[in-house]
Amino acid sequence: MSSLEIIKMGHPVLRKIAREMTSEEILSTETKLLVQEMQKAMHTAAGVGLAAPQINRSIQLAIIEYDLKEELPEDADPPLYVFINPKISILDKPQYGFWEGCLSVPGLTGYVERPNKVRVDYIDLEGQAQNLTAEGFAAVIIQHELDHLQGILYVDRLADPTKFAYQEEFQQFWSHEEELE
Ligand code: ZN
């Protein structure tokens, strides 16, 4: 399989609600290979998460390579989470703000506020029902990736449209200010 291409904002597939996967599909070799290819594409693009719609597959599947439970030592390799047919619940209303980026919106970053704590119920690559509770940055990544499965991009959730910038300008004008806070 040649390397997967990540589609960008403006591509209509990024705006579709992805369809659920069947148990048969989840357990198929094709899905295991797809996850491997998605992981490669994510590494190439230096991302921590990738949703299937971003590689032009409108299915309820997203991967995240990050210590979402925040329990591993800092130098440990982050685990790969595969979220299939996920359902998200908000556990904590207070908003957590973060400058987000997206492999489908390259070169840009924007300030988004999201609920601080979420629970996800999902199916893993072995077809097993799982759930996970995450807070802070881990909750941001999960919400960002699972939004892709609903046709939502982070730009839809900008808290303040003036806090939307090219990454170079962000580094120049905003990152310093953030550090001072
Ligand atoms: Zn994204």
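The values are calculated or read from the model by the stated rules, or taken from the named source; none is laboratory data. Note that the coordinates shown come from a computational prediction; the quantities given were computed from them, not determined experimentally. Cβ coordinates were reconstructed from backbone atoms using ideal geometry, including for glycine residues, and neighbour counts include every protein chain displayed.
Take the residues in segment 136-176 that are farther than 21 Å from P106 by Cβ and surrounded by 18 or more Cβ atoms within 10 Å (Cβ to Cβ), then tell me which one is nearest to the ligand (Cβ to nearest atom).
Result: I142.
Cβ-Cβ below 8 Å, separation at least six or inter-chain, first residue in segment 101-120 and over 24 Å from L91 (Cβ atoms) and in contact (Cβ under 8 Å) with a residue 12 or more places away in the chain, second part of a strand (DSSP E or B) and hydroxyl-bearing (S, T, Y): which pairs?
Qualifying pairs under 8 Å: G101/T109; G107/Y166; L108/Y166; T109/Y166.
Taking F98 as meeting all but one of (1) under 27 Å from P161 (Cα atoms); (2) under 13 Å from the mean Cα position of the chain (by Cα), write down the number of the exception.
It is condition (2) that F98 fails.
Can you confirm whether G47 is under 20 Å from Y154 (Cβ atoms), modelled with pLDDT under 95, surrounded by 15 or more Cβ atoms within 10 Å (Cβ to Cβ) and within 13 Å of the ligand (Cβ to nearest atom)?
Criteria met by G47.
State which residue is farthest from the ligand (Cβ to nearest atom) when the search covers only segment 62-91 and only residues that are in contact (Cβ under 8 Å) with a residue 60 or more places away in the chain, within 16 Å of the chain's Cα centre (by Cα) and not in a strand (DSSP E or B).
By that ranking, first place goes to K69.
Any residue at all in segment 92-100 that's hydrophobic (A, V, I, L, M, F, W, C) and part of a strand (DSSP E or B)?
Looking for residues that are hydrophobic (A, V, I, L, M, F, W, C) and part of a strand (DSSP E or B), one finds at least one in segment 92-100, hence yes.
If you go through segment 44-61, how many residues are over 11 Å from the mean Cα position of the chain (by Cα), more than 20 Å from R15 (Cα to Cα) and of a type in the set (V, I, T)?
1
Quick check on G10: is it out of contact with any helix residue (DSSP H, G or I) (no Cβ under 6 Å at 6 or more places or on another chain), touching a residue at least 24 places away in the same chain (Cβ under 8 Å) and not in a strand (DSSP E or B)?
No, not satisfied.
Mind listing whichever residues of segment 92-119 are surrounded by 15 or more Cβ atoms within 10 Å (Cβ to Cβ) and more than 16 Å from the ligand (Cβ to nearest atom)?
Within segment 92-119, Y96, G97, E113, P115, N116, K117, V118, R119 meet the criteria.
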